[in-house]
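Report on the structure given below.
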Amino acid sequence: MTDRAYRAAPRGALRIEPLGELTAIFDRRSMQTHLVVAPLPEMLALMGDGPCDAALLAKRLETAFDLDDVEDVRARVAERLAELAAMGLVAAA
Amino acid sequence: MKYVSRIAVGPVQFRIGSEWREPVAALDRLYAAYPRDDARPADATVRLFAARPWRRWLRPSVHIGGDFVVPDALPLPLSMGLLAAEMAMNLQVALGWRRHLLLHASAVARDGRALIMSGQSGSGKSTLAALLGEGAWRLMGDEFTLIDLAGGDALAFPRAVSLKNQAIAEVAARVDPARLGPLMTGTPKGDIRHLIPRADAIAAMHQPVRPALLLFPRFGGETAIEPMGEGEAFVRLTEASTNYVALGEAGFAALTRLVREVPAFGISYPDSAAGIALAEQLWAEATQ
């Protein structure tokens, strides 16, 4: 899979509210509510302001959550990033 | 419209027009004790009209209209005009109300706090609320509960309770017959009979109360209590709200606040007595 770069939603575009095991995200641009589970909220929180691809995000997740098996994490992060893009919560950079 | 009435239920002022006298007369009887202000502009307009002008004389049947119309709204025979009026009133509120988050839920209040019960038709939420409302509780509503968008308080919508099938005998045994409407048999929802809420519930209908407990009742099966997480309660209440999407971020904020502040449980119960005992038990735990 090509490692595409994505960009987080502009600041203020998303309202993110953790509700126990689920996280509710209100997108002020589309007025849609998204319900997501880990690791999507953690990924969004670590996207930063600049372009971010799966390798970079996987590295940040590994540092933040002390994960191993770098390659496996990168592949799964790439899949989840594509899902976030499909929901409109991140955009291709 | 030949016959017109105005009814205020909670914060909603209805204007109801009909081509026949009967449905309006029946409504006026059910809502005789409600505050009435004919000068106040209507929030929702309900029209009961004939499909064809001549049908009014040949085979009277009631069609439902108003600010919002669902294409498959059933024409009902005139003997069910009261049911048609009730369905039309619900429809106008469900589709048109924007001032509060509207939950398809019953509610009762005690000591200034609210127990909210959400469930599908047949879950028993309406019967439980009616029975609790005959005891130490104030009936807030058997069908809709309104949540204040800014403060999070629950507001009452105490329309006449729509008792169905077995619930009719159960409630009728406990109340003054003067508080019951006519029995309508063989409606699309089975047998229906309306119960006029107690005078104290009508008098207090404008008093907001703080939600303290959320229950998702399921009638039938063994008695069971299932604690429900904030996320699941949120999902279920978005499904139970008729105006969540239309309210945008205000609805999102009100609902996240509600599920965070108020404990939620799914309950199963084999009969009303067991359901009431569960509600009382969970209420005692939530408000101690």
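The values are calculated or read from the model by the stated rules, or taken from the named source; none is laboratory data. Note that the structure is a prediction, hence the values are computed from the model and not measured. All Cβ positions, glycine included, derive from the backbone under ideal geometry; neighbour counts span all protein chains shown. For the accessible areas, the whole protein counts, side chains as well, though only heavy atoms, and no ligand, DNA or RNA atoms are used. Shrake-Rupley method; radii C 1.70, N 1.55, O 1.52, S 1.80 Å.
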Worksheet, complete the sentence: Among residues of the stretch A:1-28 being in contact with a Leu (Cβ under 9 Å, 6 or more places away or on another chain) and among the basic types (Lys, Arg), the residue nearest to residue B:258 (Cα to Cα) is A:28
Item to complete: Output the residue which, of all residues in the stretch B:19-31 that are assigned to a loop (DSSP other than H, G, I, E, B) and touching a residue at least 40 places away in the same chain (Cβ under 8 Å), is surrounded by the fewest Cβ atoms within 10 Å (Cβ to Cβ).
Response: B:20
Item to complete: Kindly provide the set of residues from the stretch A:28-42 that are more than 8 Å from chain B (Cβ to nearest Cβ) and out of contact with any Lys or Arg (no Cβ under 8 Å at 6 or more places or on another chain), ordered by number.
Response: A:29, A:30, A:32, A:34, A:36, A:37, A:38, A:41, A:42
Response to the item:
Among (1) at pLDDT 95 or above; (2) within 23 Å of residue B:110 (Cβ to Cβ); (3) surrounded by fewer than 16 Cβ atoms within 10 Å (Cβ to Cβ), residue B:258 falls short only on (3)
Worksheet item: Which of the following residues is over 30 Å from residue A:23 (Cβ atoms), out of contact with any Lys or Arg (no Cβ under 6 Å at 6 or more places or on another chain) and in the same structural domain as residue B:150 (by TED's automatic domain parsing): B:233, B:224, B:240, B:199?
Response: B:199
Worksheet item: Of all helices (runs of 4 or more DSSP H) completely enclosed by the stretch B:174-288, which ones contain at least 3 residues that are within 14 Å of chain A (Cβ to nearest Cβ)?
Response: B:230-240, B:244-247, B:249-261
Worksheet, complete the sentence: The residue that is modelled with the lowest pLDDT, considering only those in the stretch B:57-86 that are out of contact with any helix residue (DSSP H, G or I) (no Cβ under 7 Å at 6 or more places or on another chain) and open to solvent by less than 50 Å² (accessible area, probe 1.4 Å), is B:73
Discussion item. Anything in the stretch A:16-74 that is among the β-branched types (Val, Ile, Thr), crowded, with 17+ Cβ neighbours inside 10 Å and more than 25 Å from residue B:233 (Cα to Cα)? List them, or say none.
Written reply: A:73
Worksheet item: Is it the case that some residue within the stretch B:129-146 is open to solvent by less than 20 Å² (accessible area, probe 1.4 Å) and either outside the structural domain of residue B:178 (by TED's automatic domain parsing) or of a type in the set (Val, Ile, Thr) (or both)?
Response: yes
Worksheet entry | Subset of the stretch B:232-273 [among the aromatic types (Phe, Trp, Tyr) and closer than 14 Å to residue B:151 by Cα] | B:252
Worksheet item: Before we move on, is residue B:246 touching a residue at least 12 places away in the same chain (Cβ under 8 Å), of a type outside the set (Phe, Trp, Tyr) and either buried (at least 20 other Cβ atoms within 10 Å of the Cβ) or in the same structural domain as residue B:128 (by TED's automatic domain parsing) (or both)?
Response: yes
